[in-house]
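**Q** Sharing a structure below in structure tokens format, with a few things to ask.
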Amino acid sequence: MAGPKPKRVVLQGLPASPGFAIGPAYLLHPEERVVKKRIIPPEKVEQEVARLKRALDKAYKEIQGIKNRISGDVGEYEARIFDSHMLMLQDSEIVDTVIKDIHDNLHNAEYAYSARVNALAERFESMSGGFLKDHMSDLRDVGTRVIDILMLSENNLSYLEVPEPVIVMSRNLTPSVLSQFHRKNTLGLTIEVGGKTSHVAILARSLEIPAVSGISWSGIDIEPGQTVIVDGTAGTVILNPSLRDIKEYEIKKAAFFANEQELSTLRDLEPVTTDGKYIEVSANIELPIEVESVLQYGGDSVGLYRSEFLFLTRDDMPSEEEQYQAYKYMGERMSPRAVTIRTMDAGGDKLVPALRMAGEMNPYMGWRSIRVCLDNREIFKIQLRAVLRATAFSNIRLMFPMISNLWEIRESKKLLDEVRKELDEAGIAYNAQLEVGCMVEVPAAVVMAEELAREVDFFSIGTNDLIQFTLAVDRANERIAELFEPNSPAVWRQIKSVIDTARRHGIQACVCGEMAGDPLAAIVLIGMGIDELSMGPGGLLEMKKMIRSISFEEARICAEEVIRLTTADEISGYLRDRYAAKLEDLGVAKYPGKRTAPF
Ligand code: PEP
Ligand code: MG
């Protein structure tokens with residue numbers, strides 16, 4: 001006999017990747033994974049205990065975050081269920097037993113933790129009574145979260161073999177795990193942790209998977225296989241939708257698809273303003289295979305290849321040859337168009353397993369990016385060698401991330417020169433005219449732009465990091481996502497100053513942060529004199545359409561006004577009043593930021 005009809009639940013999160021998906025829920029849940037038993041070497045016991053404690057700490061903070069959100073959105077009473085979750089995490093009976101298991105039996109942390117949770121859950125199960133049953137499901141929920149953290153950080157992918165098209169509902173999803181999902185079987189995605197410019201959200205947009213972030217299904221009754229709608233455009237998730245919902249979303253999906261078809265006619269049109277200024281429209285990609293989408297959408301070049309993705313999904317380092325093959329493939333496929341390879345930007349939310357990067361208190365401001373490379377010069381030189389070798393065949397450019405002072409750019413260039421010399425000695429070909437640029441994504445680099453401009457051939461403004469560092473707003477923290485304000489005058493003024501400096505030095509100015517893919521922000525960037533806008537491949541066609549509809553002169557006047565204004569509200573209001581209707585008429589803003597950054 002069929003059970004009661006599951007309840008329709010609407011959850012509101014953040015629109016992380018536009019588009020619509022309807023399908024069965026796949027709960028990314030450790031019960032469906034094999035928690036493998038490993039015997040750890042005795043000298044690693046303390047390390048393993050520390051790993052467990054970090055995971056418990058992280059789980060505690062996450063639950064606290066959910067509790068605060070729910071108490072604000074729903075009510076204090078409903079939020080109280082999370083108190084028992086927090087207590088369980090600190091329960092010394094559980095924690096001490098797990099630590100003892102690690103010490104005595106040399107078990108890995110996730111195995112020891114899951115064994116303890118399973119033993120307790122079985123004990124509760126054998127007792128009758130509603131209270132204990134509730135307690136058991138709370139325990140399993142907490143256990144799932146801790147094991148999620150331990151396993152995903154360990155890059156254990158055995159549970160990811162999704163056999164059919166599903167909506168993946170995840171918790172601690174890392175970019176490295178998402179990059180290995182079966183794309184065709186991932187219809188849509190819900191993410192619990194991470195703001196709109198977290199790398200998981202960026203990757204979802206690149207892969208064109210509709211996604212909503214800030215969605216927690218803790219405490220909600222949902223079974224695997226139940227129907228879910230993901231509205232990545234509005235940031236809504238509907239669990240167990242009604243027939244009416246399904247009909248409505250089928251129509252939205254069809255309209256979205258039709259709009260895409262219409263845009264595809266723009267593929268070969270040039271991104272030129274009505275008064276004849278060519279704006280290079282390029283793509284940000286994380287995986288080499290994405291060059292196919294860039295070509296499909298008529299991108300001028302790859303403005304940012306996030307090379308660290310080569311390093312995220314494995315326990316060892318990719319060899320020079322493996323890297324060379326990846327770079328060569330992209331360069332050749334895109335040729336004669338350019339491919340800008342950014343050197344490994346590890347850290348933050350992109351931990352490289354082979355570097356044993358530990359979780360840090362402030363990961364975005366920690367051991368990250370160029371700092372990691374300059375501390376690991378042999379690894380850095382292997383990458384530079386692979387890039388240089390690939391330049392022999394195609395139009396590749398090189399870019400250093402997170403530069404915050406002159407020493408870092410000079411030191412990086414010195415290493416590049418060393419590698420050039422080694423290649424010369426070995427008689428290996430490369431492009432001696434290779435263009436070298438740096439990202440401007442730390443306010444210190446904006447201040448030092450004059451001096452940095454003398455060191456490089458181009459600037460690429462990374463607005464994602466620039467906003468987070470300027471406003472002191474962690475880009476990956478969904479709780480403060482509203483404070484992540486691209487239209488802050490402090491952000492716009494820095495962008496203008498960098499573009500002006502590039503102009504004075506005759507070097508190219510590009511933007512590769514998510515702002516470049518937002519049609520409204522792009523008008524201002526164009527007006528400020530930007531040469532290249534680099535965005536997720538899905539935003540290219542819309543951007544071309546927008547560029548072809550405005551004049552540079554009009555954009556220039558708009559940028560002048562934006563620089564004059566003194567609050568984010570004024571700037572947003574001005575841009576909306578002036579352009580929202582126009583973009584809507586164009587079909588560019590009909591689904592706000594259809595596939596582009598949903599700002
Ligand atoms: C940025 O910070 O704007 C950027 C493009 O780099 P990432 O998003 O990879 O940090
Ligand atoms: Mg960055």
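The values are calculated or read from the model by the stated rules, or taken from the named source; none is laboratory data. Computed from a predicted structure; not experimentally measured. Glycine gets a Cβ as well: all are built from the backbone with ideal geometry, and neighbour counts include every protein chain shown.
**Q** Is the stretch 337-350 home to any residue that is farther than 24 Å from C510 by Cβ and of a type in the set (D, E)?
**A** The answer is no, given that none of the residues of the stretch 337-350 is farther than 24 Å from C510 by Cβ and of a type in the set (D, E).
**Q** Pairs under 6 Å by beta carbon, first residue more than 21 Å from G366 (Cβ to Cβ) and of a type in the set (D, E, K, R) in the stretch 388-407, partner more than 16 Å from ligand 2 (Cβ to nearest atom) and part of a helix (DSSP H, G or I), six or more apart or different chains?
**A** R389/Y324
**Q** Okay, next question. Being part of a loop (DSSP other than H, G, I, E, B) and touching a strand residue (DSSP E or B) at 6+ places or on another chain (Cβ under 8 Å) is the filter here; which residues of the stretch 434-443 pass it?
**A** Within the stretch 434-443, L434, E435, E441 meet the criteria.
**Q** Sticking with this one: Within the group F311, F380, which residue is among the aromatic types (F, W, Y), within 24 Å of the chain's Cα centre (by Cα), crowded, with 17+ Cβ neighbours inside 10 Å and over 23 Å from I202 (Cα atoms)?
**A** Unique residue meeting the criteria: F380.
**Q** Now for a separate question. Going through R342, R337, R368 one at a time, which residue ends up being under 30 Å from R51 (Cα atoms) and either buried (at least 23 other Cβ atoms within 10 Å of the Cβ) or not acidic (D, E) (or both)?
**A** After applying the criteria, what remains is R368.
**Q** Output the residues belonging to the stretch 304-336 that are part of a strand (DSSP E or B) and in contact with an Asp or Glu (Cβ under 6 Å, 6 or more places away or on another chain).
**A** The answer is R306, and nothing else.
**Q** Right, here's the next one. Take T236 and decide whether it is among the β-branched types (V, I, T), closer than 30 Å to S549 by Cα and surrounded by fewer than 23 Cβ atoms within 10 Å (Cβ to Cβ).
**A** Here the answer is no, as T236 does not meet what is asked.
**Q** Residues L295, L304: which one is away from ligand 2 (no atom under 16 Å from the Cβ) and surrounded by 13 or more Cβ atoms within 10 Å (Cβ to Cβ)?
**A** The conditions single out L295.
**Q** Checking the conditions here, which among F380, F400 is more than 22 Å from K496 (Cβ to Cβ) and within 16 Å of ligand 2 (Cβ to nearest atom)?
**A** F400
**Q** Moving to a separate point now. Could you list, in sequence order, all residues of the stretch 434-465 that are farther than 30 Å from A390 by Cα and within 16 Å of ligand 1 (Cβ to nearest atom)?
**A** Matches in the stretch 434-465: P443, A444, V446.
**Q** Counting only residues that are charged (D, E, K, R) and more than 12 Å from ligand 1 (Cβ to nearest atom), which one in the stretch 508-540 is nearest to the chain's Cα centre (by Cα)?
**A** Looking at residues that are charged (D, E, K, R) and more than 12 Å from ligand 1 (Cβ to nearest atom), I get D518.
**Q** Here is a further query. Looking at E322, E332, E378, which is the one that is out of contact with any helix residue (DSSP H, G or I) (no Cβ under 7 Å at 6 or more places or on another chain) and without any contact (Cβ under 8 Å) to a residue 12 or more places away in the chain?
**A** E378
**Q** Still on this model: Does V473 satisfy the condition of being surrounded by fewer than 21 Cβ atoms within 10 Å (Cβ to Cβ) and within 16 Å of ligand 2 (Cβ to nearest atom)?
**A** yes
**Q** Additional query: Looking for something more than 20 Å from the chain's Cα centre (by Cα), closer than 21 Å to I289 by Cβ and in the same structural domain as P288 (by TED's automatic domain parsing) - is there at least one such residue anywhere in the stretch 412-425?
**A** No - not one qualifying residue is present in the stretch 412-425.
**Q** Follow-up question, since we're still on this one. Give me the residue from the stretch 26-36 that is surrounded by 14 or more Cβ atoms within 10 Å (Cβ to Cβ) and at pLDDT below 85 and, out of that set, nearest to the chain's Cα centre (by Cα).
**A** L28
**Q** Exactly one of (1) outside the structural domain of I526 (by TED's automatic domain parsing); (2) more than 20 Å from R183 (Cα to Cα) is unmet by F256. Its number?
**A** (2)
**Q** Can you find a residue in the stretch 286-302 that is within 20 Å of V177 (Cβ to Cβ), in contact with a Cys (Cβ under 8 Å, 6 or more places away or on another chain) and not aromatic (F, W, Y)?
**A** no
**Q** Filter the stretch 336-355 for residues that are basic (K, R) and within 12 Å of ligand 2 (Cβ to nearest atom) and give the result.
**A** R342, K350
**Q** Something else now. I need a count of the residues in the stretch 297-308 that are within 12 Å of ligand 1 (Cβ to nearest atom) and either farther than 17 Å from G348 by Cβ or out of contact with any strand residue (DSSP E or B) (no Cβ under 8 Å at 6 or more places or on another chain) (or both).
**A** 2
**Q** Then there's this: Determine if the stretch 206-221 includes at least one residue that is part of a helix (DSSP H, G or I), within 16 Å of ligand 2 (Cβ to nearest atom), under 30 Å from S307 (Cα atoms) and touching a residue at least 60 places away in the same chain (Cβ under 8 Å).
**A** yes
**Q** Within the stretch 479-501, track down each residue that is in contact with a helix residue (DSSP H, G or I) (Cβ under 8 Å, 6 or more places away or on another chain), touching a residue at least 60 places away in the same chain (Cβ under 8 Å) and of a type outside the set (K, R).
**A** Selection gives F484, E485, P486, N487, S488, P489, W492.
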